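Reviewing the structure listed below.
The values are calculated or read from the model by the stated rules, or taken from the named source; none is laboratory data. Since the structure is predicted, the reported quantities are computational estimates derived from the model, not experimental observations. Neighbour counts are summed over all protein chains in view; Cβ atoms, including those assigned to glycine, are modelled from backbone coordinates with ideal geometry. Please note that ligands, DNA and RNA were not included when accessible areas were found on the heavy atoms of the full protein model with its side chains. Shrake-Rupley method; radii C 1.70, N 1.55, O 1.52, S 1.80 Å.
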Amino acid sequence: MNHLELEQEIGKMAIAMMSRNSLIGKDLIADLRGRLSVDSVAALMIVSMERLIWCDSESVLWSLSYLIPADVMEEIRRITSLIVCQRLMGKGFVLGKDFSIDAGGSLLLSENAKTAVVVA
């Protein structure tokens, strides 16, 4: 997929999220899943949500609750956990001391790490 096609897919997904029509959104996701890997679909969903979060956060919340399939949501959690861990380590926090990840993939954060995540 080239940059133009990727941009078009992100735009279509953002519009589907704003419409809050699960049939449209699920059809788009099914089409993407036929052409892309789960991690690529998850990354596309993250970028689509990022586009909406400042102007229509309710649509993002709706999408998280009703649109995104479980396996894609799990991949989104994995991607975002890795990014948060990288940023915390970049700020001098220590894995295993200031933060960690449990067996379910959830982040466990000390109070200082929580503050750093919220402020960032």
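A viscosity of 1.306 mPa s and a temperature of 10 °C, combined with the Kirkwood radius over Cα pairs in Stokes-Einstein, give a translational diffusion coefficient for the chain of 102 µm²/s. Using the 1.4 Å probe convention, the accessible area of the chain works out to 62 Å² per residue with neighbouring protein chains retained. Extending 7 Å from Cα along the Cβ direction at Met73 and again at Ser19 yields two label points whose distance is 2.2 nm.
If the chain linking Ser65 and Arg33 were pulled fully straight, counting 0.36 nm for each residue of separation and taking away their Cα-Cα distance, it would gain 9.6 nm. The phi-based Karplus calculation (6.51 cos²θ - 1.76 cosθ + 1.60; θ = phi - 60°) puts the 3J(HN,Hα) values of region 69-81 at x, 4, 5, 5, 5, 5, 5, 4, 4, 5, 4, 5, 4 Hz, whole numbers, x for Gly and Pro. Largest first, the residues Thr80, Thr115 sort by 1.4 Å accessible area into Thr115, Thr80. Taking Cα centre as origin and charging only the Cβ of basic (Lys, Arg, +1) and acidic (Asp, Glu, -1) residues, the dipole magnitude of the chain rounds to 220 debye. If R0 is 30 Å, the Cβ-Cβ spacing of Glu58 and Ser81 corresponds to a FRET efficiency of close to 0.75. 7 Å from Cα along Cα→Cβ at both Ser106 and Val94: what's the point-to-point distance in nm? With each label point 7 Å from Cα toward Cβ, the separation is 2.5 nm.
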